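Below is one structure; the comments refer to it alone.
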Amino acid sequence: MPLIEARGLTKKFRQAVKEPGLVGSLKHFFTRQYKDKLAVDHIDLSVEAGESVAYLGPNGAGKSTTIKMLTGILVPTSGSLVVDGLVPYERRQQNARKIGVVFGQRTQLWWDIPVVESFNLARDMYEIPPRRYKENLGQFTEMLGLAEFMNIPAGKISLGQRMRADLCMALLHDPKLLYLDEPTIGLDIAVKDRIRKFIRSRVEERGTTVMLTTHDLGDIEDICKRIVIIDNGKIIHDGDLAKLKDTYARDRVIHFQLARPPESIEPICAELPACELATDGLRLSVRFDRFVFAAGEIAAAVMSHVEVVDFRIDEPEVEALIRKVYLGQLSLDSPSQPAPAVVEA
Amino acid sequence: MAADVAAGTRSAAAARLVAARRLVYLYFRCLGQQMKAIMAYEANFIVLMFSAVLVQLAGLAFIWAIFQRIPDVNGWTFWQVVMMSALIFVTEGVGSLFFEGTWRLSYLVYTGQFDQMLVRPISPIVQVLAGAVGFNGLGNIVTGFVLIGIAMANVPVQWTPGRVLMLVILLVSAATIRVAINLASAASTFWIRSPWSMVPMFVHQLGDFAKYPITIYSVAVQALIVVAVPFAFVSFFPTAFVFGVEAWSLAGLLTPLVAIYAVVMAVWIFRVGLNRYESSGH
Ligand SMILES: Nc1ncnc2c1ncn2[C@@H]1O[C@H](COP(=O)(O)OP(=O)(O)O)[C@@H](O)[C@H]1O
Ligand SMILES: [Mg+2]
């Protein structure tokens, strides 16, 4: 039995049809026009205990709405949803004991009181046994570096500090399931790193199941093995990261540093059909389909014509890849190579 | 077997008691946090408090002026009417001092900050009620109690222990009704989505009707404040009961039942509304 099991999960919002400005507002007041927005459109999703899932998609794709249904905040318009044996929106309080939630744009901390008092309040709300609480708080404080602002009100700490404190608070009661909605948005690299390390340690030590929405692909490579992509309310990809790379990141580029400018690259082109070659002074780069050529073959072909000083291979860029998926430039249902894990296309 | 069942119900009852105690504890815990916050940042609550008191006293002066011209209103004396006003003040004060959070609900719902209350293991209603402290309520409570004392001293009624006990029960019921009405009207925000919904304020204003004997109103207004929004049970009927006004005092006995009715309705309205909650799109 998966920990999260959603079938045909759908959320429709009624949005006011309103032109901007006061006139628009007045007009809307009299016409009362609304249109339905299918924010999440019949998605199927099952997540096993211990999995960590990255939930990606362009802005407005329906990520937050999905998370809000999974956490019990929103009641789905249709479809079925069971999380660890409960229907979240029917049993909100029971569900709340088992989950930790962090929304990047909001805070769970009490704005006007010292951070540590928010933690103490969480202890009382979740009835965390004193020893467990002390242990967790000690460990998290150390890992997330919370000590320096523990006694400052949440309203007066920086965004990065707030995020770390929020993360700590979301995990004090040892939830089985952690939902993170854009947890690293707007943070600098050092803080991002710290947060990722921390989340990874939860996954590895406690077997916490993580569901994470993000725009930041670093989050994915550090934390998640599985990627689910949603676009326009529909899931367009569900599979592991390695497979996504294998399936779609077919192009690789090798950059060569040459001893002398090449007289002509024609002979190399002839030897490497369907590859893209580019030269610029002493540099030569070859873009190739790694299912047609091995990197070694490319290197051998180039070296048989010119003298190579140095070379390097570009790894496939997940970022570019996912962007292509968003833009619909990659048709996910008809790749010629290994079968993709596609749910809907 | 029978013993088992008895033990079972006893432990179920015990569990419920523990749960209720936990709720009350957490309620005051949350409220305490708010209080600390206000103490730390807000010094102008004294101004708020005094302005509230002044507004109320101005209302009383108006009543006093009327009674200078006529000896009674529909058979009600000055001090009886003062008692009705005082009950409105006290309950309003209790509502803001301890349950000010209801006034913030529409803002939380509109901005989506209400999300947080749905992912914590405590009833969102308790969280809403404990969401804010309105120190200005203190002024209303003090004024109200002073007026109740003066009114009690000025009406020809024997203050037996039984009657005093009844007064306490009626006060608690009246405050409960007031808070339930506040909660229910605040829940309207689940239907009318706007950051500063006027409905709670409008309903609040209906309470002003109950500062005077309801016999002066048309049947429609009476029905409104007796049945639909039972402010009459906050002030009019309890006053009639403790001052022994026979025509109405029996209805005063219903006040605790009306309090239960008001709470059940408020919770029901809140729950239905909750399922309409849509968060916000960012
Ligand atoms: N509370 C709401 N009311 C109306 N429309 C909403 C609401 N929440 C989200 N939406 C709409 O639903 C779509 C999906 O939003 P969201 O789930 O927040 O996207 P994401 O998190 O992927 O950026 C968007 O078009 C958004 O405008
Ligand atoms: Mg979002």
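The values are calculated or read from the model by the stated rules, or taken from the named source; none is laboratory data. Please read these numbers as outputs of a predicted model, since none were measured by experiment. Cβ sites come from the backbone with ideal geometry, for glycine too, and all protein chains shown count toward neighbours.
Summary table below
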{"read-out": "Residue list for the range A:84-105, filter: within 12 Å of chain B (Cβ to nearest Cβ) and touching a residue at least 24 places away in the same chain (Cβ under 8 Å)", "value": "A:Asn95, A:Ala96, A:Arg97, A:Lys98, A:Ile99, A:Gly100, A:Val101, A:Val102, A:Phe103, A:Gly104, A:Gln105"}
{"read-out": "Residue in the range B:272-280 that is crowded, with 18+ Cβ neighbours inside 10 Å, away from ligand 2 (no atom under 16 Å from the Cβ) and within 16 Å of the chain's Cα centre (by Cα) present", "value": "no"}
{"read-out": "Number of the condition not met by A:Asn59 [criteria: (1) within 16 Å of ligand 2 (Cβ to nearest atom); (2) closer than 23 Å to A:Leu244 by Cα; (3) crowded, with 18+ Cβ neighbours inside 10 Å]", "value": "(3)"}
{"read-out": "In the range A:51-74, the residues that are within 12 Å of ligand 1 (Cβ to nearest atom) and assigned to a loop (DSSP other than H, G, I, E, B)", "value": "A:Gly57, A:Pro58, A:Asn59, A:Gly60, A:Ala61, A:Gly62, A:Ile73, A:Leu74"}
{"read-out": "Search result, residues across the range A:42-56 that are within 16 Å of ligand 2 (Cβ to nearest atom) and either surrounded by fewer than 23 Cβ atoms within 10 Å (Cβ to Cβ) or closer than 22 Å to A:Lys176 by Cβ (or both)", "value": "A:Ile43, A:Val53, A:Ala54, A:Tyr55"}
{"read-out": "Evaluation of B:Gln56 against (1) within 11 Å of chain A (Cβ to nearest Cβ); (2) modelled with pLDDT of 75 or more; (3) farther than 21 Å from B:Thr102 by Cα (one fails), failing number", "value": "(1)"}
{"read-out": "Selection from the range B:228-282 of residues that are within 14 Å of chain A (Cβ to nearest Cβ) and either within 16 Å of ligand 1 (Cβ to nearest atom) or within 15 Å of B:Val179 (Cα to Cα) (or both)", "value": "B:Phe270, B:Gly273, B:Leu274, B:Asn275, B:Arg276, B:Tyr277, B:Glu278, B:Ser279, B:Ser280, B:Gly281, B:His282"}
{"read-out": "Scan of the range A:289-315 for residues that are of a type outside the set (Phe, Trp, Tyr), in a strand (DSSP E or B) and either over 29 Å from A:Asp246 (Cβ atoms) or at pLDDT 90 or above (or both), ordered by number", "value": "A:Val308, A:Val309, A:Asp310, A:Arg312"}
{"read-out": "Filter result (surrounded by fewer than 19 Cβ atoms within 10 Å (Cβ to Cβ), touching a residue at least 40 places away in the same chain (Cβ under 8 Å) and farther than 30 Å from A:Glu127 by Cβ) within the range A:175-214", "value": "A:Ile185, A:Gly186"}
{"read-out": "Listing of helices (runs of 4 or more DSSP H) fully contained in the range A:199-288 that carry 3 or more residues being more than 14 Å from every other protein chain (Cβ to nearest Cβ) and within 16 Å of ligand 1 (Cβ to nearest atom)", "value": "A:217-223"}
{"read-out": "Selection status of A:Leu81, within 16 Å of ligand 2 (Cβ to nearest atom), surrounded by 15 or more Cβ atoms within 10 Å (Cβ to Cβ) and touching a residue at least 40 places away in the same chain (Cβ under 8 Å)", "value": "no"}
{"read-out": "Criterion violated by A:Val23 - all others in (1) within 23 Å of A:Pro183 (Cα to Cα); (2) of a type in the set (Val, Ile, Thr); (3) away from ligand 1 (no atom under 16 Å from the Cβ) satisfied", "value": "(1)"}
{"read-out": "Residue within the range A:177-197 that is farther than 16 Å from A:Leu109 by Cα, in a loop (DSSP other than H, G, I, E, B), at pLDDT 95 or above and more than 16 Å from ligand 2 (Cβ to nearest atom) present", "value": "no"}
{"read-out": "For A:Val101: the one exception among (1) within 13 Å of ligand 1 (Cβ to nearest atom); (2) touching a Ser or Thr at 6+ places or on another chain (Cβ under 8 Å); (3) β-branched (Val, Ile, Thr)", "value": "(1)"}
